[in-house]
Each structure stands twice: as structure tokens, then as C-alpha cells.
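For reference, the structure is listed below as C-alpha cells.
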Amino acid sequence: MENFVKYLNSIIWSNALIYLLLITGVYFSIRMRFFQVRLFKEMIKQMFGSNKSAAGISSFQSLAVSLAGRVGTGNIAGVATAIYIGGPGAVFWMWLVAFLGSGSAFIESTLGQIYKVKENGEYRGGPAFYIEKGFKNKSIGKWYAITFAISTILACGLLLPGVQSNSIASAIKSAFDIKYVYTGIVLALLLGLVIFGGIKNIAKVAEFVVPFMASAYILVALIIMGLNYERIPEIFSLIISSAFGLKASFAGIIGAMITIGVKRGVYSNEAGQGTGPHPSSAAEVSHPAKQGLVQAFSVYVDTLFVCSATAFMILITGMYNVKGADGNLIVDNGVYYVQDGVKHMDGSPTYTQAAIDKAFSSGQETFHPGYVGTGSYFVAIALFFFAFTTLMAYYYIAETNLAYLTQKKREPVLLFLLKLAIMAAVYLGCVRAATIAWDLGDMGVGIMAWLNVIAIIILQKPALLAFKDFERQRKEGKDPVFSPTELGIKNAVFWENEYGKSEKNN
């Protein structure tokens, strides 16, 4: 099974997808004149620019749900894995993917808002919706949308949850010596309690947990950097020089460095993957571009803030290993974890745990696998909240695509089975080996990324028109309001009918 999954990943995550993601990010950044820099203040403003309604959640709640999906184990274990495979230079490629990827995030989330629908009193939207409504050839659009919806249900409902739960179980085992099976049972039950409450319940939990935990995590990283401030220029130099093969010891793995940097960057910030448009479409806003800007900012929060926090903690304390092209370690700092009696050097959350232990535990200058200190407890708690909120977001995304497939017919049996399926996937992820969990997760991300990136390239025009319209109204001193008819955008049914009615009723 593991060999088969690796073979599929070698096809899905070929250089073609790596280049496609990078080129797409560059293209949209140029088309919108690097709005990532120009409209940075506007991104922050729009975060708090809308209120929730009976049908939709607020922009901030949408951001929180989106970040719940983005800020997960990829920010802790994923960064450690990237450094293990690609060295410190992989961090630079994660940064680059985040900066450029915010362009892709804007396009996909704006499309999600343009083509969202109102069903059973709630807003729904995402790639499946905008693929069907945006494609000129309705037959191709319908089948393409169905393919994406099925792939996303499989990825978010079955493949991706195992990565999150596996990291939680590993961190809790290290910190509290609780067996994987017990963590799996409790985690599955806790998730069930939340997801049976629907999107409003998920949004409320995410709105509280995500900002609190992300802020606490970044604060710890800043303290560690402050304690080792004299090494900060050295670490920056190490990241940049390694990224371009200028560091002799890492020159032989530059290909792996770029590949893992892009993969982990996409896995972490999800720009272009197609997950972000789902919570984005649920927001109550007056113009699709507003939510596009909010989602573009979420990429910054995820990779430039949280992932960087992890990277600097690990690198500044020296608690990491790096694997060479031949499979042997070219950097061996003796950091590892043990699962089922097998010694693993790839680190997973262990790198971050060791980094915090070294920084805060007096006399703990080297790594000891049997030592349980500040780092073990903090990372276990952080991973629990990060990964748990990600699991909530995965369920919502899977549910949205199931709703698309069933259209306006409510299928309570199918929804119930989906809830059970993701709970089972969470449990199995806790007791499954970390390697196969990550490989399955990569496969799910890759399939979604292929389908969605091609779609947003084809459907870019409505999003770019919305962006230009937003900037025009903004320059005129107006609070932008979207009118698809004036822009010649077709099939934006909600904006043509429902939005006007809602305004009049209010």
C-alpha cells in the first residue's frame, strides 16, 4: 500500500504541478499588479468589514474557518519535515509560494463568492460551484465539477484527516505518554460533538480558538528568537544561501529542497488547492473581492507568520536533521522520535518540541528522547488545537461538496455517514504510521490542486473583473457593491437575485 501511494504521488506531484503552481501565482500577481503589497492595509480592513447574517458568517469568522483549515499540523510537523528533506533552504521556497500563492487564493475565493448559492438558509460555494456555473460548455463544466466534488470528499473526508490526527497522537504520546489508540477514540468523539452542529458551530469554535492559539504560538517563537537574537542574521543567511545552493553541504539536494518547499507550502497555506473558497463563500459581504482580499491575507498568516515561527525555533536552536540525496543524514543533530519500536529521524513535531525544551529548560542543552519538558507539553497542546480546528474545516469542506452533489435535496443519511467516515479517518490516522499518513495527505492535496488550478486559470476573467470593479469603486470613495450584470458576468444567481432581495428586506 505504501509503495503504491508513493508511486501515485510521484505522478501527481511531478515537476509539472510544482511549476504550474508557481507560474500561476506569478501570473495572477502580475495581472493584479502585486496587490499583495499594494492592498495590504485593505486586507486587514476587510477582515473586520462585515457582520454575520442569518445565512452567512462574518468575514472574520470566514477567515477563522479558513485559517482553521490552513493552520494545522503542516505548520509544525510539516515545516520540520520540509527542513529534514530539503534543509533550511526549503523555508525560503515556502515563503515564496505563500507570497505568490496569495494571488491564486484571491482568485479562487473571489470566484467562490461570485458563484455562491443560498440553499436551506445558508450560503454554499466552492470550486465545484464555480466550475459548473463558470464554464461555457455546461456539459464539461458539470462533469468537471462532479469530479472535483468527489475528489474533495475523498481528500478532506478520508485522506487528509489522518495527517492531522497522527501528529496530535504523536505529540500527546511524547508529552503525556497516552497510547495512540486512546487519543484516537477521544479525538474522534470530540470532533463528532462539533461537526454535528454545522457551519455556525464550527465558525464559533474556530473564531475563538484559532486567533488565541496562533498568537500564543508566535509569541513563544518571538521569545525564543529574543533569547537568541544574535543568531537571527545567521539563520536568515543560512535559509537564503541554502535555497540557492550556495551552501556546499546542501547543494546536492536543491531539487528536493524546491519540491518539498513548494509541496509543504501548498499543503500549509492551501493557496490554489481549492479548500479556501468553501469558507470564503459562506461569508456575508457586499462585494466578492472583499472576501478575496481576506483570504489572500490568510495565506500570509499561515506561512509567513506561523510556519516561520516554527522554522526559526527549530533552526535557531539547531534541533533538526537533514537527509541527503542518498538517504543518509548530511546534518545529524541526534533528534528523533520512536513509534512502535522504530527510530524516526524525520522529526515530525519532535523538532519543535526539542527546540522549545532547549530554549526554556535549564541545563537541557542537547536532545534526550526520554526527556519531557516545556516543549513537549506546549507542542502537544498547540498541535491539538491547530490540528483539531483543521479537522473541523475538513469536515465542512467535505460537507459542502456533498451538498453540491445532492443539490437541494437534503440527504441526512449521507451526511451522517460522512460524519462517521471522517471520525473513523481521524481514529485510523492516530494508529497508522506517520509516513503513510503524510503520503496519503499529499495525494489528496495534489489531486485537488491539479483540478482547481486548471479551473481558476480558465475561469479567471470574472474574478479579475471583480477586482478591477472593486478598485474602481474604492477610488471613487464608495463602499464597493457588486453588480454582475454591469460587469457582464453571467450565472452569478445569488448576486442577481438574492442579494438585492436581502437588501430590500433589510
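Just to check I understand the Karplus step: with θ = phi - 60° and J = 6.51 cos²θ - 1.76 cosθ + 1.60, what whole-Hz values come out for the stretch 477-482, glycine and proline as x?
Listing the rounded values in order: x, 8, 8, x, 10, 8 Hz.
Return the loop-located trypsin sites (Lys or Arg not before Pro) in the stretch 77-178 (DSSP other than H, G, I, E, B) with at most 16 other Cβ atoms within 10 Å of their own Cβ; answer none if there are none.
Loop-located and lightly packed - LYS136.
Counting only DSSP beta bridges with both residues in the chain, what percent are antiparallel, rounded to the nearest 5?
90
Hey, can you grab everything whose amide H is under 5 Å from the amide H of LEU329? Only 5+ residues off in sequence or another chain; H modelled, so Pro and N-termini drop out.
So LEU329 has HN proximity to GLY324.
Where does the Debye-calculated log10 I(q)/I(0) of the chain sit at q = 0.06, 0.13 Å⁻¹, using only Cα point scatterers of equal weight, no solvent?
Calculated log10 I(q)/I(0) at the listed q: -0.25, -1.20.
Jot down the radius of gyration and Dmax of the stretch 251-338, Cα atoms only, both in angstrom.
Over the stretch 251-338's Cα set, Rg and Dmax evaluate to 17.7, 55 Å.
Hey, fewest Cβ within 10 Å first, where do ILE489, ILE150 land in order?
Fewest-to-most ranking of ILE489, ILE150: ILE150, ILE489.
Give a residue-ordered list of calculated ³J(HN,Hα) values for the stretch 456-471 (Karplus: 6.51 cos²θ - 1.76 cosθ + 1.60, θ = phi - 60°; whole Hz; x for Gly, Pro).
6, 5, 5, 9, 5, 4, x, 5, 5, 4, 5, 5, 5, 5, 4, 5
Among MET1, MET443, MET225, which comes first, then next, by fewest other beta-carbon atoms within 10 Å?
Ranking MET1, MET443, MET225 by Cβ neighbours within 10 Å, fewest first, gives MET1, MET225, MET443.
How charged is the neighbourhood of ILE330? Take every other residue with its Cβ under 15 Å from the Cβ of ILE330, and add Lys/Arg as +1 and Asp/Glu as -1.
Residues near ILE330 contribute -1 overall.
Compute the longest continuous run of the chain that contains no exposed GluC sites (Glu not before Pro); treat a site as exposed when its DSSP state is not H, G, I, E or B and it has at most 12 other Cβ atoms within 10 Å.
The reported range is 1-364.
Please go through the stretch 10-52 and write out the trypsin sites (Lys or Arg not before Pro) that DSSP classes as loop and that have at most 16 other C-beta atoms within 10 Å.
When the trypsin sites (Lys or Arg not before Pro) of the stretch 10-52 are filtered for loop state and at most 16 Cβ neighbours within 10 Å, ARG33 remain.
Quick one: order ASP326, ASP357, ASP346, ASP302 by neighbouring beta-carbon count within 10 Å, fewest to most.
Placing the least packed residue first, the sequence is ASP326, ASP346, ASP357, ASP302.
Since every read-out is calculated from the coordinates, none of them should be taken as a lab result. Since we're looking at a predicted model, the values are computed, not measured. Glycine also receives a Cβ, built like all others from the backbone with ideal geometry; neighbour counts cover every protein chain displayed.
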